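The values are calculated or read from the model by the stated rules, or taken from the named source; none is laboratory data. Because the structure is predicted, anything quoted here is derived from the model rather than measured. Cβ: placed from backbone, ideal geometry, glycine included. Neighbour counts: every protein chain shown. Remember, those area values only see protein heavy atoms, side chains included, never the ligands or the DNA or RNA. Shrake-Rupley method; radii C 1.70, N 1.55, O 1.52, S 1.80 Å.
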Amino acid sequence: MCSSDLGVKAKAVLRDILAVQKNLISGKLLFEIAKGEFQNKNYEASIMGLRRAIAAMSPEEQQTMGLEAYQMLGTAYGVTDRFLESILALTEGLQKFGKKDDDRSGDTADSLDRAIGQQKRLTKNDTAFNGIYDTASQQIASYSIGGAGKLFWKQGNTLFNDSKKYAEAIAEYSKIDN
């Protein structure tokens, strides 16, 4: 038996134990159970479990696994084609924990950028979501070097091609880090 299979089975046993022993529940245990559901590609159960885990996490648990939980939640939403929920989860995770988890924040910002692209394609660039995109884009620019460069490029192109605002376009292009 592979060690990952053993870990998934252990998480399933934890889930069964916690279903009977409610007083043993902690954010960390709930997170591990939800992570097992995610690894088993049981995304709806994972989403419910991650939301429960995030709500139950102590401040110490939030510091160590908060962004990972939000990243996994956003990914589970994305895999189930719920891109707006993915954007909201990833944005909230970065706002709360991006500065505390440098290793994970860049990957989370890149996931957020992909979720925005998917949502824009799904809604055919409906402008009703622009406020959400703007907030999310600020997080991408803060935590993803590649994502920030792509955002500056798009903004520069829009200013250059559509608005003919050349000075503003140059300012956006100059923000791109090589």
- Item | Semi-axis lengths, Å, the stretch 72-165, gyration tensor of Cα atoms, sqrt of 5 times eigenvalues | 22, 17, 10
- Query: Cα axis of helix 3-20 to longest principal axis of the chain: angle in degrees, 0 to 90, nearest 10?
  - Reply: 70 degrees
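As an exercise, take the mean of 1/r over every pair of distinct alpha carbons in the stretch 29-132, invert it, and state the Kirkwood radius in angstroms. Before the final figure, lay out the partial values.
Details: mean 1/r = 0.0730 Å⁻¹.
Hydrodynamic radius (Kirkwood, Cα pairs) of the stretch 29-132 is 13.7 Å.
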- Message: Leaving out ligands and nucleic acids, and using a 1.4 Å probe, what accessible area per residue does the stretch 1-142 come to in Å²?
- Response: 54 Å²
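So which of 35/99; 120/165; 124/154; 35/96; 41/175 end up more than 28 Å apart by C-alpha?
41/175
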- Could you please state how large a percent of the accessible area of the chain is carbon and sulfur, counting protein chains only and using a 1.4 Å probe? 53 percent
- With charges set only on the Cβ (+1 for Lys and Arg, -1 for Asp and Glu), what does the dipole of the chain come to about its Cα centre, in debye to the nearest 20? 280 debye
- Item | Cα-based equivalent ellipsoid of the chain: semi-axis lengths in Å, sorted from largest, via gyration tensor | 37, 16, 13
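What's the longest bit of the chain with no exposed trypsin sites (Lys or Arg not before Pro), using DSSP loop states and at most 12 other Cβ atoms within 10 Å as the test?
Numbers: sites that count: 41, 124, 164.
The longest uninterrupted stretch comes out as 42-123.
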- Going residue by residue through the stretch 115-131, the Karplus relation 6.51 cos²θ - 1.76 cosθ + 1.60 with θ = phi - 60° gives ³J(HN,Hα) values, rounded to whole Hz and with x marking Gly or Pro, of 5, 4, x, 5, 5, 5, 5, 5, 9, 6, 6, 4, 6, 4, 9, 4, x
